[in-house]
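The values are calculated or read from the model by the stated rules, or taken from the named source; none is laboratory data. All values reported here derive from a predicted model rather than from experimental measurement. Cβ placement follows ideal geometry from the backbone for every residue including glycine, while neighbour counts extend to all protein chains displayed.
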Amino acid sequence: MSQAAIISPAAPHMSRQGLLERYGCGPFHFTGDRDALYERHLLFDNVIDAQKAGLREKFEAAAHAIRDVLSQRWVLTGSTYERQNPKRAYYLSMEFLIGRSLANNITNLQLEPFVARATGQTNLDWLGLLEQEPDAGLGNGGLGRLAACFLDSMATMQLPAMGYGLRYEYGMFRQSIEDGWQREYPDNWLRRPDPWEVERLEEAVEVSLDSSFELQNGALRAVPGRPSSILGIPFDRPVVGYGGETINTLRLWDAAAQDYFQLDNFSHGDFVGAFAASIAANTPTRVLYPDDSTQQGQALRFLQEYFLVTCSLADLIRRFRRGNSDWSLLPDKVAIQLNDTHPSLAVPELMRILLDDARLGWDEAWDITRRTLAYTNHTLLPEALEKWPLRYLELVRRRHLDIVLEIDRRLGAEVRDRYPGDEERVGRTSLVERGPEDRVRMANLAIVGSHSTNGVAAIHSQLLRENTVRDLAELYPERFNNKTNGVTPRRWLLLANPELAQVVTDVIGDGWTTELSQLAGLRRFASDPSFVEAFAGAKREAKLRFAAWLSSRHGQVVDPDSIFDCQIKRIHEYKRQLLNALRIIVLYDRLRADPDLEMAPRTFFFAGKAAPAYVLAKLIIKFINNLARTIDGDPVVRGRLKVVFLPDYCVSLAERLIPAADVSNQISTAGYEASGTSNMKFMMNGALTLGTRDGATIEMMEEAGEENFFLFGLNAEEVAESRSWYNPRWHYDNEPETRAALDLIAGDYFSRYEPGIFAPLHEALLEHGDHYMHLADLTSYLEADGRLCRLYADAGGWARKAILNVAGSGKFSSDRTIAQYASEIWNVKACPVM
Ligand code: 26Q
């Protein structure tokens, strides 16, 4: 029998024999003898007796044992692709927010039933062992986590695909809350060796720069006319598809100096000077920029983007050339997806390769480039659209600037041809924005230089086409499309919420793990008393588990019988954490006025990081913490309202909290949140959504049924329409609860010992026009909140809606999203490993 025949697709509880045959060796000897892989790693890697090993050593041994298990399959995946030479997809992203890998890899390899037992751990020890793994926090938020979910789906669907990113030495900063304020600490996640990465020195690439760069007082200084180069060293990480059939690769580039010492300098005795060159060369991958919505225009960030693009293209072109001799085949063998504009220098770099290395003519090079590249947009915020000074291109790679200007010249000719006399349109579509300093509009570059531009939810794609880049959409309507985001149900349901996963599997089987639309089968159980009881029991278990963790980890006590109401995401004005806080103040004020008021007890959870330079966002964090302290200190509401700000939001924290959530707040100003993805995770885990008609939340409501959703507020059209006359004062003057809440803030009720500190918040809402229209939506938010709260009293009615939400969440699997990218953009097909 061939090996392929032995491997049954995604069999959840495969026999031990099947596992051994699939992986070529056992992960652990189940007889518990001394030869077990796990114990061998303890002994041979750490030179320690299994009995004496600490948790970190045990983690490393377990991770190495799992890596042993997957290595053969990983190699086989690579050789299958080489042999079969299928068209491949490459996902280029500045961010991959991976989180932890050990438990995920065990889940996807379906080794769970064996592992904990084989390591001889009690459940508690096992959980402690998993905690030893630092989160790989190589991303800011949604865009980076989406990239990680996509990798999971691509591997699960056996697509010949690869991720390319940067191996930041420091990931997203660690957040601590001190006296209510955010403080940032470096995330030194690689302090200890990472068991998942494999350094591939032999595949290093050299990156050429037209200038030299030095760090001076923390800023990057270019020395023009002195060309230099950096080495890109790939570090590969396995991406285990569910079922363990396909193991794809995420390749992260590390920057290193060409020579650690420039020997001529060294021989002149300039030891430190020679060293400085290596420090500068190292910086491109030193740290992740912690901004998710403002372009700070930092030269080092530009260098990072250039570095990612040149390393990745050199690598994938080398691979393409190994299997193909004809350059014209590139679009038939390679699809490159640009995760936002961050890697959009791929347009001039691919042109450069085709023009200068392959020596093709412009027209052919342009045709190949466009048919190979595709671009995803993730934001409509004007301040987040990348616009890099022409000067940066000139300094880093003069040839890129020449190519961009030539693309722009031809684009201008095309626009003049199509719209004679419309010079304004030529200006608007141009790749170059004229100003005191001319800049390249990276979104225009990505749209013009690719064959596909997609948004990440229906409304977002529509607004992108109709507003943000309208002229280009008119010019190239066929390039524009939508791909509504999704999330991987393996990490976000199967792994994060084992209680609910089991309850679901008990009634509809386990096919949902790879075909999430099967969750629709839950609809007919929504009123089945025994299912409702099991479902509610799973939620309660998850809440108890979270409460226990919170108390042991942070010493915070919360009531698992209260409604767990959550808002966890980056702190940004458009996401309106401040609107949530205003709601809480109003509820608090009602209880103060009438302590006998009937109101279900509630715990409000917030978590999220603010960009270090975003002053108002940091003040919002301080405000939430002061609100929490004020409410905690008031005996009138004790046991009825509680606010908790969870520090250091990250993937692992989301995995803990989301299963325990009753209510998910998705309350951005309509038209501003491109999609949202935590909204989907909450829905899958049986939370009810309290939200605005924005991003993918609209599509979630369509799937679950409007009657099972708690939508409120202005829609995107109304927001746009009312901008010209909106006056927040009107709400202050006419809505007593709104006024009382604002007066408490202005009267330092939440800042008794820090008078005046919240004035900027009060001013943003009342004096500076309330750009995100908090006050316009507060009343309808409270009204929806009231409906939700009243429903809580009816446990069966609540559970029914929650079940119908889970049942309606099938569309939001990243498997569905990736299937659409693969067939509608990439034309890439599954390539089973054999
Ligand atoms: C750009 C230039 C310089 C420095 C930083 C940046 C930068 C970095 C990260 C700009 C934007 C980001 C991240 C954006 C992001 O996460 N967007 C979110 O993407 C999700 C996935 O599509 C959506 O669900 C969210 O709605 C969107 O906000």
Could you grab me the full set of residues in the range 421-460 that are within 16 Å of the ligand (Cβ to nearest atom) and in a helix (DSSP H, G or I)? Met442, Ala443, Asn444, Leu445, Ala446, Ala458, Ile459, His460
Could you please let me know if Lys609 is closer than 22 Å to Met683 by Cα and either at pLDDT 95 or above or aliphatic (A, V, I, L, M) (or both)? no
If you check every pair at least six apart or on different chains, which have Cβ atoms under 8 Å apart with a residue in the range 515-543 that is in contact (Cβ under 8 Å) with a residue 40 or more places away in the chain first and a residue that is loosely packed, with under 15 Cβ neighbours inside 10 Å and not in a helix (DSSP H, G or I) second? Gln518/Gly509
Return a yes/no flag: does the range 133-153 have any residue that is outside any loop (DSSP other than H, G, I, E, B), more than 23 Å from Val615 (Cα to Cα) and more than 16 Å from the ligand (Cβ to nearest atom). yes
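Residues are listed down the side, and each one gets a yes or a no for (1) within 16 Å of the ligand (Cβ to nearest atom); (2) crowded, with 23+ Cβ neighbours inside 10 Å; (3) assigned to a helix (DSSP H, G or I):
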{"position": "Ser328", "(1), (2), (3)": "no, no, yes"}
{"position": "Ile336", "(1), (2), (3)": "no, yes, no"}
{"position": "Ser344", "(1), (2), (3)": "yes, yes, no"}
{"position": "Asp356", "(1), (2), (3)": "no, no, yes"}
{"position": "Thr369", "(1), (2), (3)": "no, yes, yes"}
Can you tell me which of Gly128, Gly137, Gly144 is of a type outside the set (D, E, K, R) and surrounded by fewer than 18 Cβ atoms within 10 Å (Cβ to Cβ)? Gly128
Neighbours by Cβ (under 8 Å, 6+ apart or cross-chain): first from the range 145-167, β-branched (Val, Ile, Thr); second within 15 Å of the ligand (Cβ to nearest atom) and modelled with pLDDT of 95 or more: Thr156/Thr488
All but one of (1) more than 16 Å from the ligand (Cβ to nearest atom); (2) hydrophobic (A, V, I, L, M, F, W, C); (3) closer than 30 Å to Ala53 by Cα hold for Met157; state the number of the condition that does not hold. (3)
When Glu245 is run through (1) modelled with pLDDT of 85 or more; (2) within 29 Å of Lys569 (Cα to Cα); (3) of a type in the set (Asp, Glu), the failure sits at (2)
Could you list, in sequence order, the residues of the range 656-688 that are within 15 Å of the ligand (Cβ to nearest atom) and part of a strand (DSSP E or B)? Ser664, Asn665, Gln666
Taking the stated definitions as given, is Glu383 in a helix (DSSP H, G or I), surrounded by fewer than 18 Cβ atoms within 10 Å (Cβ to Cβ) and more than 30 Å from the chain's Cα centre (by Cα)? no
State which residue is farthest from Ala613 (Cα to Cα) when the search covers only the range 163-180 and only residues that are of a type in the set (Ser, Thr, Tyr) and either crowded, with 24+ Cβ neighbours inside 10 Å or out of contact with any Leu (no Cβ under 8 Å at 6 or more places or on another chain) (or both). Tyr164
List the residue pairs whose Cβ atoms are under 9 Å apart, where the first residue sits in the range 743-762 and is on the phi > 0 side of the Ramachandran plot, the second is among the small types (Gly, Ala, Ser), and the two are 6 or more positions apart or on different chains. Asp748/Gly756
Determine, yes or no, whether Leu788 is under 27 Å from Arg629 (Cβ atoms) and either out of contact with any strand residue (DSSP E or B) (no Cβ under 7 Å at 6 or more places or on another chain) or basic (Lys, Arg) (or both). no
For the range 143-168, how many residues meet the condition of being in contact with an Asp or Glu (Cβ under 8 Å, 6 or more places away or on another chain) and farther than 23 Å from Leu303 by Cβ? 4
Pairs, first over 18 Å from Thr246 (Cα atoms) in the range 78-98, second of a type in the set (Val, Ile, Thr) and part of a strand (DSSP E or B), C-beta under 9 Å, six or more apart: Leu92/Ile336
Listed residues Ala222, Ala277, Ala314, Ala256; which is modelled with pLDDT under 80 and of a type in the set (A, V, I, L, M, F, W, C)? Ala277
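Yes/no per residue for (1) on the phi < 0 side of the Ramachandran plot; (2) surrounded by fewer than 22 Cβ atoms within 10 Å (Cβ to Cβ); (3) acidic (Asp, Glu):
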residue: Leu627; (1), (2), (3): yes, no, no
residue: Val636; (1), (2), (3): yes, yes, no
residue: Leu653; (1), (2), (3): yes, yes, no
residue: Leu657; (1), (2), (3): yes, no, no
residue: Ala660; (1), (2), (3): yes, no, no
residue: Asn665; (1), (2), (3): yes, no, no
residue: Tyr672; (1), (2), (3): yes, no, no
residue: Gly695; (1), (2), (3): no, no, no
